[in-house]
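Novice: Encoded as structure tokens, here's the structure I'll be asking about.
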Amino acid sequence: MDVLTDNFHTYAEGFLGTVELTVYSSALALLLGFLMASFRVAPVGSLRIFGTAWVTVLRNTPLTLLFFAVLLGLPRFGLVLPFKVFAVLALGCYTSAFVCEALRSGINTVPRGQGEAARSLGMTFGQTLHLVILPQAFRSVIPPVGSTLIALAKNSAIAGAFSVTELLGTYRTLSELGYNIVWTFVWIAVGYLIITLAISALFNLMEHAWGVAR
């Protein structure tokens, strides 16, 4: 316990940094995921191409490489922001591709008649998608989206290599102070476990409240 009690402030700072990264990146990933899923099923060819390209590129790019591209590449084009903002952009954009594909699989489970009925009532494609199709699709993909955001929380550890305060990065400080490396990582693992269990509990509640009965 000495490793934790003697360095509680360090652990707390890293824990809160990881929570902050997870919350902001999850919000961005969900927003972009919904948008890209809309593009992928849109009747406009250019939007479908853009959505497909977005998913294909990001799903097949290593996350570490994406961090390098965002944190080191964007400033070369005059976009200078705090490293934490760049980390949120990298994590959010990367995860949005997986959220998009989860939503698209959910859209495919919605009966075609739902869209046809909405259009027969005079709804536009956008109204049909966002008022009829996507709400039903999201209900069926709550578990995979939750799993995707849990993966995002664990992927946030990469941000520590780019001068962003997060939980895994605390091991460097404690290692320099001479603390036992095993117990240092044990408490880091406990911190990640708390975060992932919290996300899992939230999505379990959502599934019980809104999920599709099977």
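The values are calculated or read from the model by the stated rules, or taken from the named source; none is laboratory data. Just so it is clear, the structure is predicted and the values come from calculations on it, not from any experiment. Here Cβ is always computed from backbone atoms with ideal geometry, including for glycine, and neighbour counts include all displayed protein chains. Side chains are part of the model used for accessible areas, which takes the heavy atoms of the whole protein and leaves out ligands, DNA and RNA. Shrake-Rupley method; radii C 1.70, N 1.55, O 1.52, S 1.80 Å.
Novice: Mean separation of Cα pairs under 8 Å and 6+ residues apart, divided by the residue count of the chain: what relative contact order is that in percent?
Specialist: Value for the chain: 29 percent.
Novice: Here's a follow-up. The range 66-136: D in µm²/s via Stokes-Einstein (Kirkwood Rh, Cα pairs, 10 °C, 1.306 mPa s)?
Specialist: 108
Novice: Same structure again: Once the convex hull of the alpha carbons of the chain is built, what does its volume come to per residue, in cubic angstrom?
Specialist: Considering the Cα atoms of the chain, their hull volume per residue is 141 Å³.
Novice: Roughly how many Å is it from the Cα centre of the range 7-28 to that of the range 31-91, as a whole number?
Specialist: 22
Novice: Would you calculate the separation in nanometres between label points at residue 200 and residue 53, each defined as 7 Å from the Cα along the Cα-to-beta-carbon direction?
Specialist: 4.0
Novice: Stretch residue 130-residue 77 to full length: gain in nm at 0.36 nm per residue minus the Cα-Cα span?
Specialist: Length gained between residue 130 and residue 77: 15.6 nm.
Novice: At 7 Å along Cα-to-Cβ for each site, give me the label-to-label distance between residue 85 and residue 105 in nm.
Specialist: Here the modelled spin labels are 3.5 nm apart.
Novice: Ignoring ligands, DNA and RNA, what accessible area per residue does the chain give at 1.4 Å, in Å²?
Specialist: Heavy-atom accessible area per residue stands at 54 Å².
Novice: Got the relative contact order for the range 102-170 handy, in percent, Cα pairs under 8 Å and 6 or more residues apart?
Specialist: Rounded, it is 32 percent for the range 102-170.
Novice: Could you calculate the contour length gain from residue 173 to residue 119, that is, 0.36 nm times the residue separation minus the distance between their Cα atoms, to one decimal place in nm?
Specialist: Net length gain for the segment: 13.5 nm.
Novice: Measure off, as a whole percent, the carbon and sulfur share of the 1.4 Å-probe accessible area of the range 2-210, all protein chains present.
Specialist: That share works out to 67 percent.
Novice: While we're looking at this one, here's another question. At a threshold of 8 angstrom on Cα-Cα distance, excluding pairs fewer than six apart, so keeping six or more, what relative contact order does the range 1-102 reach in percent?
Specialist: Value for the range 1-102: 42 percent.
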